Structure formats: C-alpha cells, structure tokens
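Working notes for the structure below.
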Amino acid sequence: MLVMVLKRLGGVILTVWMVATLSFFLIRLAPGNPFANELHSLSPEEDAARRREYHLDESYSVQYGYWLWDLCRGDLGDSMKYRGKTVNALIAQTFPTSLALGSMAMLMALVVGMTTGVLAALRQNSPTDYALMAVAVFGISLPSFVFAMLGIVLFVFGARLFPLAGWESYRHVILPAMALSLPFAAKISRLTRVGMLEVLGEDFIRTAYAKGLAERHVVIKHALRGAMLPVISYLGPAFALILTGSLVIEKIFFLPGLGTIFVQAATNRDYNVVLGTVVVFSTLLCFFNFLVDLSYSLLDPRVKGSTGE
Amino acid sequence: MIPKAMYRNLYILIAGGASLLAIFLLFFNGSARGRADFAWVNGTEPETLDPCYMTGQPEGDIATNIFEGLTTYHPETLEPTPGVASSWTQEGLIYTFQLRPDAWWVKGGQILTVDGKPRHVNAHDFVYAWMRQCVPESGSQYSFLLDYIVGVEEFKNETKANWNELIARRKSQNKTPPAKLADLDSDERKEVEAFRDRLWKEKVGVRPKGDLVLEVELRSFVPYFLQVTNFYPLFPVPREAVEAHDKEWILPRNIVTNGPYTLKDWRFNAYIRLQKNAHYWETEKHVAARLQDLAHKTDLPRRLALEKDLLTRLGSFEKHGLATLDALAIESDDTALNLYINGDVDRIRRIPPQVAGELLRAHREKPIPHIHAATSPSIYFYDVNLELPIFKDKVAGRQLRQALALAIDRPRLIREVSRAEQTPAYAMVPPSMRGYHAEPRFGTGTLKGDLQKANDLIQAFQSAGNAKPQLRILYNTLEAHKAIAAFIQDQWKTNIGIDAKLENQEWQVYLDSRRTGKFDLARAGWIPDYSDPNTYLELYTSDDLTSDKDPSRLSKPIVFNQQNHSHYNNTHYNRLVIEYAARVLDYLSDMNKRDAMLQDISSWPDFKEAIADRVRTNQKTSWNELHEAIPLYDQASGTEAKLEAAQRIRLFLLEIAEQMLMWDLPVIPIYHYTTSEVWPPELDGIGLNEREMHPAKFLRWKEGRRPAGTRYDAFPRFHSQTIDKP
Amino acid sequence: MSSSPFPARFRRPWNEHPLSLPANVLWVFTVLLATGVGLLSDFSILAWLAVVGMTIAATGVTWVVRSTLDSPNVSSKPSDVMKGTSLWKDALRRWRRHQMATASSVVLLTIALACASQHALIHLVPIAMNQRTIDFAPDSFFSLHIDHTRTHEGHTYQPPSSRHWFGTDSLGRDLFARTLFGGGISFLVGLVGTLVSVAIGVSWGATAGYAGGRIDTWMMRAVDILYGLPFLFLVILIMTLVNGLGTIASKAEQRYAEIEMNRAQGDLAQVAALEEKITAEERTALWMTRLFPPIVVVFIAIGLVSWLTMARITRGQVLSLREREFVTAARAIGAGPLRIIFLHIVPNLLGPVIVYSTLTIPEIMLSEAFLSFIGLGISEPSCSWGTLASEGLAGINVIKPRWWLMFYPAAALSISLFCLNFIGDGLRDALDPKGDRR
C-alpha cells in the first residue's frame, strides 16, 4: 500500500515536471516580445536591459536551469508584464478563487447528479426516469457558456437575484458554480444511473428484495457502490474538465481566477506567469487524480495497481 | 436497526461531499468589503503604479488620485489648480513654483518620518523624479514631455553616452553589463550619480531653491506647460521607497504616496481600493484661510477666480471628500455598461460601440442625464504620401488632394458605416481647444454642396496634362477600417471617377510601411497629448526652415517629424509652427522681427486664396484677427496680461498654420471621435473634458451619499425587433 | 397510470414506441418556446397561445404513449425477430428501433449537409466563374445568404428578418452564412480531431493489449501519467505558438509579395534591399506555417486531448479478445502478430470504437468551442461556433439585447451535440446489446 502511494506520488512529480518542461519550451518558442505590445515598445537599450534582468539573453538550457532551481526553492519568478508583482503573489490571490469555484461546482455536480441518477435508476422506465434523462442529455449537450448566458439573462437582468460580475460574497459564487457544474451534473447523473442499473440487475439484489429488505437498505448497502464506482472513475477527468471549463466561466463572470491569468499571460508572453500557472494546475490535477485512485482502490478491493479497468 | 458498517458507502459519499465543502469554505477568498463611496470601471488591470513607467489610462486614473504633481486638473476646464505647489509665477520662460510645507508623504495611512522628522514633498523630490525619467536605463515612454525644459535634451544625450561608455568598459573588464544603477559596483555607482547630479545642476533648467521653491526654465513658449505638470509622468516620487524596494515599491505594503487618496488594497484582476488620506493638505482650516485671502481681492485673475469658485462650491477635501474609492479591472465595455445600469458602479469611460449609435441618437432627441457626450479631440484621417510622382506638380497635386477630400460624404459614412455618432472632420483641430477658433477649413459639410467643386478640381487636374491615378488605400487589418476604406473607395469611384484599391496589412507591417513611405494613402489616427492645437500641427513639420530662400539646404537630408509620414515639407509652415508660434514672445518683443514674421507669412504662394480671402464663420479672416490682436499685446500691462495676449496671438498663428495645412492637405481628415462618458447626475465636481481626466479629489455626491438602487429606469430600452433604419 | 403487472424496470422501453418521437419533439419545442417567450417579452399573445397549445398537445401524446406502452399491437414487426440475421443487421434493427437516434441522425445530417454546401459553394463558385474573388451584387441570394465574409454596410446589428434569416452581426455580415461556415469548421475539427484521436488511441491500446507483459505495463503507465496532464493548457500554449507564427508568417508573405511587385517593375535594387530585410525568424515562420497550417495544428492538438480513454478501452477489449479461440487458431496456423492485430482483432474492435468515436466528436467540438470562446482557437477571418458564441456574449446587454447573435450559434452547437449524443447512445444500444437498458 505504502509502496503504491509512493509510486503514485513519484508519478505526480514526474508528470508535473514533464508538463512544466513542455510549457517552458512552447511559450519561449512562441514569437512575440514579453515587454512590448502594439501601444508601446522599448528602445533597444531598455529591451536589452530587461532581457538581462530576466536572463532572457542566455541560452534556453541556462534559463531552464535558473527556473528549475528557483522552482525547487518555491520561487516561481517575477511577472514580466506586471512589474513588481511576483508570480507567487499573483497565484496566491487567484488560485483560491479557482479552487473554490471548482470545488463548489464539483460538489453541486455530485449532489445533483447522484441524487437524480439514483432516483432515475430506482424508477426505471417511468416518466421520472425519462424526464430526468432527457434533461441530462440536454445538460451534456449544452456548453457551459450557454448556461451561463441563460443564467445571466434570467437571474441577473430578469429576476435581479444575483450580481453580474466579481467575486465578493457567497451570492457571487452561485451562478458561476451552477453554470460550471451543470454539464457535469448531467454526466454524473447518467453514469450513476447506469452503474446502479447494472448492480440492480444482478441476482443478489433480487435475493435481497425476496428476503424482504427495505428498498432503502438495498440501495444504500449494495446498489450505491455500483453507482459510485463509475462516478469516481469519472471524477479525475471531470476535475480536469472543470478546470478548463472555469476558463470560460471566469471570462464570462469576470472572476479573478487562475484561468484568466493563464490566458492573459499566454497572450502577453509573460513566461514566468504561464509556467507558474501550468505548474499549479497540473499539480492540482495530478494530486486530485491520485486521491481519486486511492479512494477507488479503497472502495473496490478487486481493483489494485495502476491500470485498473 | 441496521448496523453502521452497512452505511459505509453512504459515509464515504458524505465524507467526499463534506471535504469538497470544506475546501470551498477554506479557499473562498471573496473580497466582501462593503460598497465604496464611488466605484468606476477602470479597464485593464494596471501594469504598474510607478508614475515614471506608466503609459495607459487605467494606470493614470489611479496615479492621479494617489499621487499629486505641482498642479492638479480643474475637473471641468482642465486648467491647473494648486497641487503640491500652492502658487506659481511666470517671468518670461521661467516658472517659479512655491511648494507647500504640508504636502506630506504618507505610508500606510501615517505620515512618513525620516530620521524622526515628518517628510513633506520638497523640490528635490521633483528633481529626483524628473531625472529618473531622463536617464537612459529608465525606459520611460513620456520623457519627451520634459524636452520643453532647458537642457534636458543635452542631459539625456550625455547621460546616454556616459552609460554606454560604462557598459563598454564593464564588457572589456568581462563584467556583466548593468541593467540599472543597482547592478553597478558601489564606486562605479557613486561616479555615475555624481556625474549626473553635476550635469543636471549645470545644464538643466530645473533648479530647487531650498526645499520649498522650484524653478523651471523652458526652452520656448509653451503655454500648455502647466497642463503638463498635472500629468502623471511629472509627479514626484518618494526616493526612500524607490531605493529601498526597487520594483516592489508600488505594492500596498511598501508604497509611499502624497495624493488625496492612499492605496488601501490591490486585488489582481479584480479591484483597487483607495482610501481617503487623512493627512492631505486641503483641510477645513486651510480652505477657510484661503477663502479669506481671496475674499479681499477684487478682480482676480482667472486662475485664482477658478480656485475660489472650486473651494466655495465643493468645500474642503477633509470634510467633504469621498472616503473610499474602488477601481474595477473590467475590460469589456458591454459589461461595464451593464454594471452601471445595475447600480454596481458609478462611472464608465465609454458607451460600448454596439449600443452607442442608438443611445446617442436617443440622447440627442431627449437628453439622458447620465450620458455626457461631446466631440473628442481624437481624429481619424488618411495620410497622403506626397512623394508619389502624381504629386510632383505642386498645384495639380494639391487640386487632386482637395478633390479627394471633398468627394467623401462624411455624414453618410458616419451614419451607415461607423455608426457611433462621430463628428465629420473638415479640419485637424477639433472645436474643444480653449481660445482657439476651430471650424471646418474646407467643404460645405454636405456632399451635394461639394460635388461640383470636386469635379471642377479634377477637371483642372486633368487639363494640366495629368491622368487620373489609381490609388492604394492602406489600413491595418481590422474590419472597421476595412468597412470605412471600402466606403471611401466607393465614394471616389462614384463621385469623381477615381479608382482606389484596398490593401490591408498586419499592424507591425502597416506601421513599417507608413514609416518608410510604402503607401499611397494610409489610414491613421491621433490622440492629443495635451490641450493645445500644437499637438496636431507639429506632426507635419520638418527641420527644413530655409530651403525656399536657400536651395542649397535641399542637398542635406531633411529630417521630418516622427509622425510626418506624408513628408509634407512646407518651409513657411515649419517656420510658423516651430519658430513663430513657439517663440512668439521673442518675435513680439522685437519690432523688426515682428514685421519680418508678418512679411514672411504673407509671402507664402497661396496666402491670398487660402488665408487672406478666407472669411470664417465669425465674418473675419484669421489674418485680420491676428493684426487686431497684436496691438492688444502692446497695450497689455503686467506679466500675466501680456502672456495671455501673447497666447492669443500664438493661437492665431497656429490657426494660420492649420489653414495652410488644410489647403495643401497632406492628410485628409475623416471624422472626430465622440467622447461619451457616463456618470450619474447626482455626482458633482466632475465635468466633461477632452482628456477624460476626473480627479476623485473633487467628487461630491449631491445628496451627501451615493444613491441606492439600480438605474434600469434611466435608460431607454430598445425593442429587439426593430430593424434599424440607417 | 396503467396498471401493468410488471415493475417499471421491466417494461418496454419508451424509445421503441412509434409515437415517442413526436412526444419528445413536442416537449422539446414546448420548453424552447416557453423559454424564448419568457426571456423576450417582445413576443405577442399568439406566441403565448402557441405555448399553451403545444403543452396540451405534448401532454396528450405522452398520455397516449404511456397507456399503450404495453399493448402488444404497438410494437415493431415481430416477424423480424424470426429471420436469420448477421451481427450488423441485428445492430441496424436495434438502431432503427431507437427513434430518437434515427431522428437525431436525420437532423444532424441536415445541419452537416447545409454547412458542407456553404463551404462548397464558397470555394467552388469563384473557380467556376474564373475569378479570384466573388463579385456578386449585394442583394443577390449568394451575397445575402451564402457569403459569410460579405459586409452589408447599413445593415449592421439587424434582427432576423426575411432578408437576413438569422440577422446580422456588428459588421453587417449575415449570421446565417456565418453560422453555416462556423458549423463546417466545427464539424471539420470534430471529425478530423476524432480521427486523429482514434488513430493514435487504437494503435496505442491495441499494441499494448496485444503485446502484454512489460510493454503493456509501460505503455499504460505512460497513459496514466499523461492522464494527469492538463491537456487543454498545453493546447492553448500550442495555439499561442501557432497563432504567433501565423502572424509572423503573414508579415513575411507580405514582404515577399512586395518583392514580387518590385521584381515585376524591374526594380532589382529594391528587391535586394527588401530581401535583406526578411529575418530568419520570418523565413522559419513561413515554411513552418506552410507545412503545418494553423488549422491542421488545431486538428492534431485537439485530437491529442482525447486519445487516452480510447487507448484504455481498446486495450481492455484487446486483452479479452486476445484469449479468444479465433486468435489462438490464427496463431496456430502461423499468422504473425501484425496480421493478427489488423485482420482479426481490429475488426472486432470496431463496435466499441465506433461508439466511442461518436461520443468523442461532441467532446472535441466542445473543446474547440471553448478554445475559440476564450479567443485562443480559430482566429479571424475564419470562425467557428465557439467564436460566434463569444461574439454573442457581447450582445447581451440591458439596453438592446442582440439575442440572435448568441442564440443561433449556440442553438446550432447545442442541437448538433444533442444529436451526436443520442446517436452515440443509439449506436451503443445497437452494437452492444449486452449492456442493455442504458
């Protein structure tokens, strides 16, 4: 067990390193100057001075070395566009926002998805089932920005219940989290339903009912595990998709999150910020996948090792 | 009872959900901070708050509130009102600023103390800040504003040479070339600093006389210099903070400011919160004393009258100024408007173009009190490449250009293509420059009235033996420019039978092409840096002042103004703008020079047709008005009165220059943009001005506090289904 | 409520009832109409009456379906069950019974055909007319409804009308034409991206599954590691790189065009001077974008996002297929591993692969829409549904909501994804009968 955990952690570090290295070269290859844009450009001396400051005049491997060394000490560097701000400071302000948004979206998705999925499975082929599954297909098909737009028109301009933009009180969280979570709620709903039906179709369930056990008991003790397995194996990719979906939601609701910083930095060629955000995101993602795998193996003792099917 | 173990799955689920909830609650960092007294949408996230390095409006709007220069903008007229300088005098080209002793540097809400003594802004801070702009390693974008001052250009050149020498020396010693002063060894650094201090003292006309007096000597007559002192590149900078923290001195924990507000909180990509500076100099006591001073004087000069009016109307900052401000970093104009209507912000910079047309039209019919619209001084125009062979024949070329300029139906262009209620431009200088008589310089304002004239000009062009050319219109790749170019292409084809081809290039290439003259006509735009016609007119100058009298001048290369892509080279024009208007005091004080100047102006070949015979809307010609203004200068007594009279004459000289420009048409003006700012009618201490500068120091809520509720009812709604009739 | 002795889960599926399709469609339209009417108070009483009428109709049909669900008369022809069939004919029969899937495929085909014909017309018409650019009159059918680049000055921001069926955008471009063009791009990215994804995933998974042992472990460990990569971020970086190269390349192209012009005019000195100015960076960018035009990079990059699950599924299938008798037999007669993989195993993979592909296409289209929405995907002058949706976002304001800018592209995207999901469901039912009742 411990060995597996250590192996997995090693995998995490390896993945993060791979991502970081790849991004390092990708962003440096992209043409464009981190210090200048259409509106103003620097004189050659100033440009040279800035480059020296950020080691940009050295070879790629030397720059990489500097960056890796700083990374090991926890220093993600300085922003090239926002002078005076360190990447650590920027991430410290924006990362909690994205994480809070993502976790609330995931929570909503799980709660809504699993309850509807269980409900639909228990009442298979009834109108409830079909209605819920129809809504679920809608949920999977509509992109989250469509939900966001509908939400804004209905609840911000229409009912004036929620604020339009910003990240201040809990009220600011509801609409973005809902918009972000709906596609995942739909998917989880379908997965739960499928998983549950699979378990419910087995013989021992019929035996349990025959023995006279209450539906609730049967569901909670046996069927639920069947429902949870596919959901848990979906959680990993879902989390990744929530992170990328948050880029769009952050843009629509102007949330000061990590995704927006990443997109801006990529456009501005702000190397350090790009690398910092990529490292943070991939660490988060890998770590989450690691946790999911752990819980999967806890849940289903038949599964062992890394390539569970 | 069912044993607990059987609920294991449920527990796992609940545990999972609870941990997610815990993560959410733990990491939720919403900035619930209560509403500010005033919030505005500031645009993109500011790159920096260092006045020396900032270039954009978002940064400037914050800097104008947390720092203060020698003077501050009057909220409505942009004229200088006392800032760090409590008063100033002007003797010829020398300004003397009297600094006040209670303009404190504030850190973290408390007055900064250095060596136990409270630190106020002194003359040396200005020297430090301005020198910082001029040194080669600064990378400042606005240092050209200081070029008006005696000796600054030499200072820049010599420090640059010195710095390069240092770099070469270090290279030869195999040491890394330095990026800034801090990179140098301590003795190298001392040497460089001593050199610069000495050079500044010797050459540059910025001289501190003690702590509280600053003397500034200009190179030429720059009546708008006091507007430049309001502008953030010339703000003082706290030396101690900059040297202690380098790049990081602008962070809220390090920053030292002297303005009416302090930097309370800076949340990246979200907001910047400013807090009232409790130690700001404009206290009740100060205002009372000042009003008492001014009460005894009758017939105050304009500057003091404005100051008195402001103080009486708005009261003191200490008692009546707003306590907290929020600047939101939201880039989208549409969202900004939505936020405004929802009541979340109190000021936005512009109406999004997609609703601008309708709103401004509705506003024109029935004014919406929240909208404040006026013609902006920014102008959209086409540069004409005068080096083309068809323009070799000066007269014929000029006729062609005039025809091209007349044959565009600008009102229709604005109505159908650009659709944001812009103003058609038949001149370069917009009507908002105080004291300047701006009016259309060609055309009647309608295509119908101009069509005949345009065709006559083409006839004249052709009868001189010239063939109708095919022209290329160059623009940078943006759909909006393409639409305008397509319209103009169509207009020229239909109205005067001239063919034009459209050519678009990506931004960098387009800039290159304009700079190197690889174009026939190029789309261009200009935003003025200060409120004076010179900002437009100096663009078309060159350094050729003598070639009409001394042809040998043409054998040397002509250096055109950086923006003079048309290569317009009119020696009369150059002399008018660079010599006569800039040194008008010299020319007025010496009778001989004055006569020579007038003689020279009237010797321009097209003088009669373009200037002397051109009667303006006030039934006078500029030439006549100039002649009327000159004796007024002679009669004026007192420095201030003489300067005002000189400025009037200068403005007439510039007007004559503009008339020359609009006769020769090296550029074809198309339209002036419209400024349309939005703020609530309950807000006082704010006024529409062409720089869109609204220092928060003067803002007051008329009812004493911010109006609650939303503004949905104040704006007309437009039926989605109506088909817009152009 | 019909009093059927069967518990709900053992009843005949709803989807096989012939009236289920009209019922579904009616409900969908009712909901959409109600939302539309609710959102825009511009609609008239007629619209409200329509909503009420449709609700009644939908309820009625549903009631009919529910009550006749178990009656033996209403079912597919029983005689089919008796005939001998093959695997594929079986699948086809099951597919046809799944009404939503068949209806979805019709709808999807219509949309796809419309988009494809717009693309075809745009590219073929100038060729047919022997011109480099299209020069139609501004009011012709082509300019109004097919040409997506044509700006109709004076008709900017028009709501839908008989002249512009979907309205126009900020520059006066017809939204119908733009939606079709964007759809073509979106579908193209989806299809090619899926192909790339399938190609890589199947080869990887099949090789790993068949080889077994250490190779399998390491290949799958690689997949595990790659699972942790935030792929979309890497795609964003790749797109930034590609777009940046594209800008430089267009700069270089313009310089070359200038050189050509000067050469034609015989100004050789100028030609030399200009050639000097072209930097190495520009030259590299030019041949790189010629080799990998940005759109191709989009295909490949996006395909790279989704091949992992395909690899896992394939490997799983191959692992179970490997032990089957026909493989042992093939090995016994001396067939080499490659032959076994491609001639025996891959055909049996087709089922799950097809199913999964149909589910990958919407995933990829969604990823592309996201990228374009944040501005890092397809760039001007091309457009996709994602870019159109982001333009629509700007149209949402309190004063004059330009609802059509958002509605039509979003509706087109949603309907296509919706149909693709149903088709995927139907295919899964058809090709994988053991996983019944999903």
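Coordinate-derived values only; no laboratory data. This one's a predicted model, so the numbers in the text were calculated from it and none came from an experiment. Cβ sites come from the backbone with ideal geometry, for glycine too, and all protein chains shown count toward neighbours.
Which of the trypsin sites (Lys or Arg not before Pro) found in the range B:363-403 are in a DSSP loop and have at most 16 neighbouring Cβ atoms, other than their own, within 10 Å?
B:Lys392
Return the distance in nm (one decimal) between the two label points of a simple spin-label model at B:Lys448 and A:Asn33, each offset 7 Å from Cα along Cα→Cβ.
5.2
Report the label-to-label distance for B:Glu191 and C:Ser320 in nanometres (one decimal), using points 7 Å from each Cα along the Cα→Cβ vector.
8.2
Can you tell me how the range B:41-117 classifies by the Cα gyration tensor, rounded, prolate or oblate, using a/c under 1.5 as the rounded cut?
The shape class here is oblate.
Using just the Cα positions, wrap the range A:97-267 in a convex hull and report its mean projected area in square nanometres, one decimal place.
That works out to 11.1 nm², a quarter of the Cα hull's surface.
Over all pairs of distinct alpha carbons, what does the Kirkwood formula give as the hydrodynamic radius of the range B:456-603, in Å?
Evaluated over the range B:456-603, this radius sits at 18.4 Å.
So which trypsin sites (Lys or Arg not before Pro) in the range A:157-205 are both in a DSSP loop and have at most 15 other Cβ atoms within 10 Å of their Cβ?
Those satisfying the criteria are A:Arg160.
For a footprinting-style exposure proxy, rank A:Val248, B:Val228 by other Cβ within 10 Å, fewest first.
Lowest count first: B:Val228, A:Val248.
Treating the beta-carbon of each Lys and Arg as +1 and of each Asp and Glu as -1, no other charges, what is the dipole magnitude of the protein assembly as shown about its Cα centre, to the nearest 20 debye?
5640
Per residue of C:407-414, how many C-beta atoms from partner chains lie within 10 Å of its own C-beta, taken as a mean?
3
State the dimensionless ratio Rg/Rh of the range B:53-179 (Rg: radius of gyration of Cα atoms; Rh: Kirkwood radius).
1.04
What is the distance, in nm, between label points placed 7 Å from the Cα along the Cα-to-Cβ direction at C:Tyr256 and at C:Asp139?
Placing both labels 7 Å beyond Cα along the Cβ direction yields 4.3 nm.
Checking the table B:Lys285/B:Lys697; A:Lys85/B:Lys175; B:Lys107/B:Lys190; A:Lys81/B:Lys247 against a 20 Å threshold on Cα-Cα, which pairs fail?
Result: A:Lys85/B:Lys175; B:Lys107/B:Lys190 exceed 20 Å.
Just to be sure I follow: if Rg is taken over the C-alpha atoms of the range B:205-351 and Rh is the Kirkwood radius over the same atoms, what is Rg/Rh?
Rg/Rh for the range B:205-351 comes to 1.02.
Which stretch or stretches of the range B:66-85 have amide N atoms under 18 Å from the point lying 7 Å from B:Arg313's Cα along the Cα→Cβ direction?
Backbone N within reach: B:72-83.
Over 50 Å, how big is the tail of the calculated P(r) for chain B, in percent of all Cα pairs?
Pairs farther apart than 50 Å: 22 percent.
Taking a cut-off of 15 Å, what percent of all Cα-Cα pairs in the range B:6-82 are separated by more than that?
For the range B:6-82, the fraction of Cα-Cα distances above 15 Å is 75 percent.
First check a/c for chain A, with a ≥ b ≥ c the square roots of the eigenvalues of its C-alpha gyration tensor; if it is under 1.5, answer rounded, and if not, answer prolate when a/b is larger than b/c or oblate otherwise.
It comes out oblate by the Cα gyration axes.
Rounded to the nearest 0.05, what FRET efficiency do A:Tyr66 and B:Gln619 have when you use their Cβ-Cβ distance and R0 = 60 Å?
So the FRET efficiency works out to roughly 0.25.
Tell me which of B:Tyr536, B:Leu661, B:Ile611 sits at the most positive position along the dipole axis of chain B, charges placed on C-beta atoms (Lys, Arg +1; Asp, Glu -1).
Toward the positive end, the furthest listed residue is B:Tyr536.
Once Lys and Arg get +1 and Asp and Glu get -1 on their Cβ, which of B:Ser140, B:Ala407, B:Asn9 lies farthest toward the positive end of the dipole of chain B?
Projecting each Cα onto the dipole axis, the largest value belongs to B:Asn9.
If r is the Cβ-Cβ distance from B:Asp606 to B:Leu688 and R0 is 60 Å, what FRET efficiency results, to the nearest 0.05?
0.95
Once you keep just the Cα pairs under 8 angstrom separated by 6 or more residues, what percentage relative contact order results for the range A:97-267?
Contact order relative to length: 34 percent.
Rounded, prolate or oblate: pick one for the protein assembly as shown, where a ≥ b ≥ c are the square roots of the eigenvalues of its C-alpha gyration tensor, a/c under 1.5 means rounded, and failing that, prolate if a/b is larger than b/c, else oblate.
Here the protein assembly as shown falls in the prolate category.
Can you give the FRET efficiency for B:Ala636 and B:Arg207, using 1/(1 + (r/R0)^6), R0 = 41 Å, r = Cβ-Cβ distance, to the nearest 0.05?
The computed FRET efficiency comes out at 0.90.
For the range C:314-402, which GluC sites (Glu not before Pro) pass both filters: DSSP loop (anything but H, G, I, E, B) and at most 11 other C-beta atoms within 10 Å?
C:Glu323
To the nearest 500 deg cm²/dmol, what mean residue ellipticity at 222 nm is calculated for chain C from DSSP H runs of n ≥ 4 alone, each contributing -39,500 (n - 2.57), summed and divided by the residues?
-23500 deg cm²/dmol
If you take the charge dipole of chain C about its Cα centre, with +1 on Lys and Arg Cβ and -1 on Asp and Glu Cβ, which of C:Ala116, C:Ile415, C:Met288 is farthest toward its positive end?
C:Ile415
Work out the P(r) tail for chain C: percent of alpha carbon pairs separated by more than 39 Å, whole number.
39
When the helices in chain A are scored as -39500 (n - 2.57) per DSSP H run of 4 or longer and the sum is shared across all residues, what 222 nm value do you end up with, to the nearest 500 deg cm²/dmol?
Helices in chain A give a 222 nm mean residue ellipticity of -24500 deg cm²/dmol.
Measuring from a point 7 Å past the Cα of B:Leu294 along Cα-to-C-beta, which residues in the range B:72-105 have an amide N at less than 11 Å?
Residues B:81-82 qualify, since their backbone N sits under 11 Å from the label point.
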